[in-house]
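Asks: The structure's right below; bear with me while I get my questions together.
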Amino acid sequence: MEKLQVGSFESASRLVVGTGGFRTMALLDESLRASESSLATVALRRVEPGLKGSVYDLLSTLGFTLLPNTAGCYTADEAVKTAELAREAFETNLIKLEVIGDDVTLLPDPSETLVAAHALVKRGFEVWVYTSDDLINALRLEQAGCVAVMPLGSPIGSGLGVRNPHAIASIAERVEVPVLLDAGIGTASDAALAMELGCAGVLAASAINRALNPVLMAQAIRDAVRAGYAAAQAGRIPPRLQAEASSTSLGRPDLFAN
């Protein structure tokens, strides 16, 4: 499988793993290993870089690249300040930009997200941006200089999967920077569908940490991302309204018998 390249980041895996919500550190450890990912999102407010035995410590031990996020921010100013703190704490220019517009649905605020994206790009950040499944928003964020556009498949933590496949496929087709499905993954088939629609990768958080067996789900989503990517590269047959025989009649001896 071709490597994922997003800005300066390169990985053999196309799965990004969220680190919040795991019941124990041991379970997080096992799930990260099972995912065979190399990139994990971390929320600055939940991680203490200098604390031994912290999530940061575990990710460092496993050789993961950290993708700090601005989770919990509701304005562009707040997101920019959080990103600056994350860069200082984790010594990275990578940032996953999230600016929430509603505390019930956790849907992104398009205007504040765009303002924050412009500001962060000017400050030298490599911005991976959480956005809605709106093509115009995605194109504007790409034009702002974001290195990855991350539309939601459905609301964060909902597990509803890809509710608007056409919208995700349109974004993947039109946006030139990598498109990764950010939210809504519930199970392996959702991840496979996202990849088949043309996404360059998938972020899975709640689908893994809330599963009855997170380690097994991490393995399943890992394999689904690989299978979906392979299927997209292979090219599916066009859907048809009527049956079409998989084998032609050419060469059938019974049709030419006397």
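Asks: Scan (1) acidic (Asp, Glu); (2) modelled with pLDDT of 95 or more; (3) in a helix (DSSP H, G or I) for the single condition Glu176 breaks and write down its number.
Replies: (3)
Asks: Give the number of residues within the range 95-117 that are of a type in the set (Asp, Glu) and crowded, with 17+ Cβ neighbours inside 10 Å. Give the derivation first.
Replies: Quick first cut of the range 95-117, residues of a type in the set (Asp, Glu) only: 98, 102-103, 109, 112.
Now narrow it down to the ones that are crowded, with 17+ Cβ neighbours inside 10 Å: 98, 109, 112.
Summing the residues that are of a type in the set (Asp, Glu) and crowded, with 17+ Cβ neighbours inside 10 Å in the range 95-117 gives 3.
Asks: While we're on this one: Just to be sure, is Ala167 surrounded by fewer than 20 Cβ atoms within 10 Å (Cβ to Cβ) and either assigned to a loop (DSSP other than H, G, I, E, B) or not polar (S, T, N, Q) (or both)?
Replies: On the way: surrounded by fewer than 20 Cβ atoms within 10 Å (Cβ to Cβ): yes; either assigned to a loop (DSSP other than H, G, I, E, B) or not polar (S, T, N, Q) (or both): yes.
The answer is yes for Ala167.
Asks: If Tyr74 satisfies every condition in (1) in a loop (DSSP other than H, G, I, E, B); (2) among the hydroxyl-bearing types (Ser, Thr, Tyr); (3) crowded, with 23+ Cβ neighbours inside 10 Å but one, which is the exception?
Replies: So Tyr74 meets the others, but not (3).
Asks: May I pose another question? Here are some residues: Arg123, Arg140. Which one is free of Cβ contacts under 8 Å to residues at least 40 places away in the same chain and basic (Lys, Arg)?
Replies: On the way: Arg123 fails: free of Cβ contacts under 8 Å to residues at least 40 places away in the same chain.
On inspection, the qualifying residue turns out to be Arg140.
Asks: Still on this model: For the range 203-237, what are the residues that are among the β-branched types (Val, Ile, Thr) and modelled with pLDDT of 95 or more? Full working, then the answer.
Replies: First pass over the range 203-237, keeping only residues among the β-branched types (Val, Ile, Thr): 208, 215, 221, 225, 237.
If the condition is that a residue be among the β-branched types (Val, Ile, Thr) and modelled with pLDDT of 95 or more, then Ile208, Val215, Ile221, Val225 are the ones that fit.
Asks: Another question, then. Tell me whether the range 91-104 contains one or more residues that are of a type in the set (A, V, I, L, M, F, W, C), assigned to a loop (DSSP other than H, G, I, E, B), out of contact with any strand residue (DSSP E or B) (no Cβ under 7 Å at 6 or more places or on another chain) and within 21 Å of Ser158 (Cβ to Cβ).
Replies: The first filter runs over the range 91-104 and keeps only residues of a type in the set (A, V, I, L, M, F, W, C), leaving 94-95, 97, 99-100, 104.
With the extra rule that they be assigned to a loop (DSSP other than H, G, I, E, B), the set shrinks to 99, 104.
Restricting the remaining residues to those that are out of contact with any strand residue (DSSP E or B) (no Cβ under 7 Å at 6 or more places or on another chain) gives 104.
Going one step further and asking which of them are within 21 Å of Ser158 (Cβ to Cβ), we end up with 104.
Yes, the conditions are met somewhere in the range 91-104.
Asks: Which condition breaks for Pro151 when tested against (1) closer than 17 Å to Asp102 by Cβ; (2) without any contact (Cβ under 8 Å) to a residue 12 or more places away in the chain?
Replies: Exception for Pro151: condition (2).
Asks: Looking for something part of a helix (DSSP H, G or I) and modelled with pLDDT under 90 - is there at least one such residue anywhere in the range 17-36? Outline the logic, then answer.
Replies: Taking the range 17-36 and keeping what is part of a helix (DSSP H, G or I), we get 25-35.
Of the ones still in play, those that are also modelled with pLDDT under 90 are none.
No; the residues of the range 17-36 include none that is part of a helix (DSSP H, G or I) and modelled with pLDDT under 90.
Asks: Which residue out of Ala117, Ala71, Ala76 is over 21 Å from the mean Cα position of the chain (by Cα), among the hydrophobic types (A, V, I, L, M, F, W, C) and at negative phi? Outline the logic, then answer.
Replies: On the way: Ala117 fails: over 21 Å from the mean Cα position of the chain (by Cα); Ala71 fails: over 21 Å from the mean Cα position of the chain (by Cα).
Ala76 is the lone residue from the list that is over 21 Å from the mean Cα position of the chain (by Cα), among the hydrophobic types (A, V, I, L, M, F, W, C) and at negative phi.
Asks: Considering the range 202-223 alone, what residues qualify as being hydrophobic (A, V, I, L, M, F, W, C), in contact with a Leu (Cβ under 9 Å, 6 or more places away or on another chain) and either surrounded by fewer than 18 Cβ atoms within 10 Å (Cβ to Cβ) or farther than 19 Å from Ile156 by Cα (or both)?
Replies: At the first step, the residues of the range 202-223 found to be hydrophobic (A, V, I, L, M, F, W, C) are 202-205, 207-208, 211-212, 215-218, 220-221.
In the following step, the residues that additionally are in contact with a Leu (Cβ under 9 Å, 6 or more places away or on another chain) were identified as 202-204, 215, 218, 221.
The one that is hydrophobic (A, V, I, L, M, F, W, C), in contact with a Leu (Cβ under 9 Å, 6 or more places away or on another chain) and either surrounded by fewer than 18 Cβ atoms within 10 Å (Cβ to Cβ) or farther than 19 Å from Ile156 by Cα (or both): Val215.
The values are calculated or read from the model by the stated rules, or taken from the named source; none is laboratory data. Just so you know, these numbers come straight off a predicted model, no measurement behind them. Neighbour counts are summed over all protein chains in view; Cβ atoms, including those assigned to glycine, are modelled from backbone coordinates with ideal geometry.
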